[in-house]
Structure formats: C-alpha cells, structure tokens
Amino acid sequence: MSNFYHPKGIQIIGTQRSGSNLLRVILDQSAEIASPHPPHILVTFVPLLQFYGDLDAIAYRTLINDVVDYVEANPVPWEGIKLDRNWIFDNSECFCLFEINKLIYKQAAIHKGAKYWCCKSMANVHFSTELDNHSPDLKYIYLYRDGRDVAASFKKAIVGEKHIYHLARQWKHDQTACIKLAESVEENRFFALSYETLIEYPEATVKRLCSFLEIDYSESMLSFYDSSESKATAAAGEMWQNLEKPIISNNSRKYLSELTKDEIEIFELVSYDVLKELKYPLVTSLNNVEALSPEALEKYQFFNETLKKEILVNAKKSDLEKRENQLRILRDIKNNALKEFANLD
C-alpha cells in the first residue's frame, strides 16, 4: 500500500441520534473525504484491552487481527476497502489501539485518494487526549441536537439507554465533554454546528463546513440519498432508513409529541444548564424535584434495563442478524482470554 501521502483525520463528536450519519454520508460524497460507517473501534475495544495483556509484537498482531475482523463484520460494509493487517503493523508508531484506529481509517482515505478520513464514532470525544497524541492535526466537528429530540429518537432505537433519566445523563455528559474540548483546542481544529441548522439551511451550513476543512463544496453532497453508501446504510437498520430520503427540514421539536410532560421535565431537571448553553429553551417549570429523589432513581434503573430488553425482543430480526457477526467476535475474544487464564492456573 502506498505511503506517498498522509491523509488527515476528522472526528465527529457529540451524541448518537443527532444526525451524525446524515452528516457522515454528506461528507462522504466529497472526493476529498472518506467517511465509512463506524464500527466504533475505541468504545468497543478499550474495555477489552485487559484481555491482551502487555502489547508486545505478538499481542499487538492479535489485537490488529481482532479489530480488523470486527471492522470487516460491520453491519454496513466498507465498500471496496481491503484492510491490510501487515501494513497496519508496519506503519504503527507504537503498539497501541489508537494507532490501529487511526491506520484503519487512513487506509479508507488512501483507498479513495482522499485528503481526509472521517470517523463518526461520536463518543470518541471522551478519548480526545489520546486522539490528539496520535493525530496532532485532527479536526473535530461537534454536531449537537436538542437533547430531548435525541432522547425521543433513542427510545425507539435498538442501541443506547432507554429511560429518559439515563438518556438525559448521557446527553449532558457528552455535550459537557464537547464544550470543554472546544475551550482547549485551536480554533482552526474545531467546528460546531447544530442539527437544526443543518436541516434548515443545509447548503449554507455544508459550505461553511467545507470552508473550514479547506475543500471544495459539491452539489452532490446534498444528493447523498442517491449514493450507494446511503442506500447500504439504510438497508442495514431501521434506524437509518431516512438516509435514502432528502433532508427532512422540519425534523425537530418532535419530543413535544413523543415524550410525556413528566419525561420532558426529568430531562430538563438533569440537563437544563447544558440545554440553556446550547440555546435550547426549556418548556417545563423544573418544580418536580422529587423526580430525582434516590427512590425515583432506583426505579429508573430498573425501568431502563427492562426497556433495553424489550426493545431487543421487539426489534426486527434482520437488524439483529446484521449485528450478530460482531457480537460473535467479541464473545470469542472474551472466551479465548478466559481459556488462556484458566491454562495459566
């Protein structure tokens, strides 16, 4: 694989269900950006690093093989991209998961001949220190959306938390990390935009983003819904079906009809400060402080776990089947590690 140029990185940050797949496929229409569907390498494998022990050359090759297997089992395939495991090993500056993540995305950009690779794993904001260490010129795109709409969307998705209290906490945690990062990163490496602005003024917003990235704007970027990438993503799961359609300009404030008044108030009680900072007006009085009592929180935990199980029971069989190969790989990693530990005893 050619090493004659070095694509730079883009990391989209925020919380899922904020229009990040929409933004991803828009950017992917540019010849200068490779933005494949994310397998969420870091959030998946950081907790698994304990199973690999000290990352010497042998363990590092095993980790590379496992991560690449996981990427290749992604519900949305990386079309036409053949990941070279030896190239990843040979080009690693250190034996580290963050190097693997960077080099996998670099291969996607090299395959396309693009200036940038783009990762849409929004929770990577919580690894920003490590990301900057491995990609000092990394650019961040902070995409945010009214958290109450994010919660309403998550309640219907097969991923994520399900009770409004847990959704509010997760949203606040993610936005707080993004806002803090904005204060420490150079201005030319950080671009913030709201989902609401993107869908209401798509052309102007994408042009501003292209200017930030120093790439040309193309009209094809807003015809994303005709692309093979959008169609493949939409086919991979019910929660991505809108990617086959043009931008829905009025897809906001849906929480007013999809959440109960009590749910909205719980969300606002948890995250009112961040909602205000991001210019989203409150719609409740915040008087029901008992909604956050220890007794109430205990109940929310039970309901959250129950709702997560119910959503899987009622999910489309095809959606679950598309995720099974990745789940099998993770089970094998854990089982193999347990067998090795048992043999040591």
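The values are calculated or read from the model by the stated rules, or taken from the named source; none is laboratory data. Because the structure is a prediction, the values reported are computed rather than measured. Here Cβ is always computed from backbone atoms with ideal geometry, including for glycine, and neighbour counts include all displayed protein chains. SASA here: full protein model, heavy atoms, side chains in, ligands and nucleic acids out. Shrake-Rupley method; radii C 1.70, N 1.55, O 1.52, S 1.80 Å.
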- Message: Just to be sure I understand the filter: pairs with C-beta atoms under 7 Å, separated by 6 or more residues or on different chains, first member in region 225-239 and within 10 Å of His37 (Cβ to Cβ), second member open to solvent by 20 Å² or more (accessible area, probe 1.4 Å) and of a type in the set (A, V, I, L, M, F, W, C). Which pairs pass?
- Response: Thr233/Trp240
- List pairs: first in region 44-67 and farther than 10 Å from Leu97 by Cβ and charged (D, E, K, R), second open to solvent by 60 Å² or more (accessible area, probe 1.4 Å) and assigned to a helix (DSSP H, G or I), Cβ under 8 Å, 6+ apart or cross-chain? Arg61/Arg85
- Query: Could you say which residue among Ala34, Ala73 is within 29 Å of Lys231 (Cβ to Cβ), open to solvent by less than 50 Å² (accessible area, probe 1.4 Å), in contact with a Cys (Cβ under 8 Å, 6 or more places away or on another chain) and not acidic (Asp, Glu)?
  - Reply: Ala34
- Selected residue (criterion: farthest from Thr205 (Cα to Cα)) from residues of region 126-185 that are open to solvent by 40 Å² or more (accessible area, probe 1.4 Å) and of a type in the set (S, T, N, Q): Asn133
- For region 243-251, does any single residue satisfy the condition of being surrounded by 14 or more Cβ atoms within 10 Å (Cβ to Cβ) and assigned to a helix (DSSP H, G or I)? yes
- Checking Cys210 against (1) open to solvent by less than 60 Å² (accessible area, probe 1.4 Å); (2) closer than 19 Å to Arg145 by Cα; (3) touching a residue at least 60 places away in the same chain (Cβ under 8 Å), the condition it does not meet: (2)
- Note on the structure: Reported set for region 252-299 where residues are farther than 24 Å from Ala192 by Cα and open to solvent by 90 Å² or more (accessible area, probe 1.4 Å) is Ser257, Lys261, Asp262, Asn287, Val289, Glu290, Pro294, Glu295, Glu298, Lys299
- Message: Would you confirm whether or not region 280-298 contains a residue that is touching a residue at least 60 places away in the same chain (Cβ under 8 Å), within 26 Å of Gly14 (Cβ to Cβ) and part of a loop (DSSP other than H, G, I, E, B)?
- Response: yes
- Residue selected from region 306-333 under the condition more than 10 Å from Pro75 (Cα to Cα) and modelled with pLDDT under 90, by the criterion least open to solvent (accessible area, probe 1.4 Å): Ala315
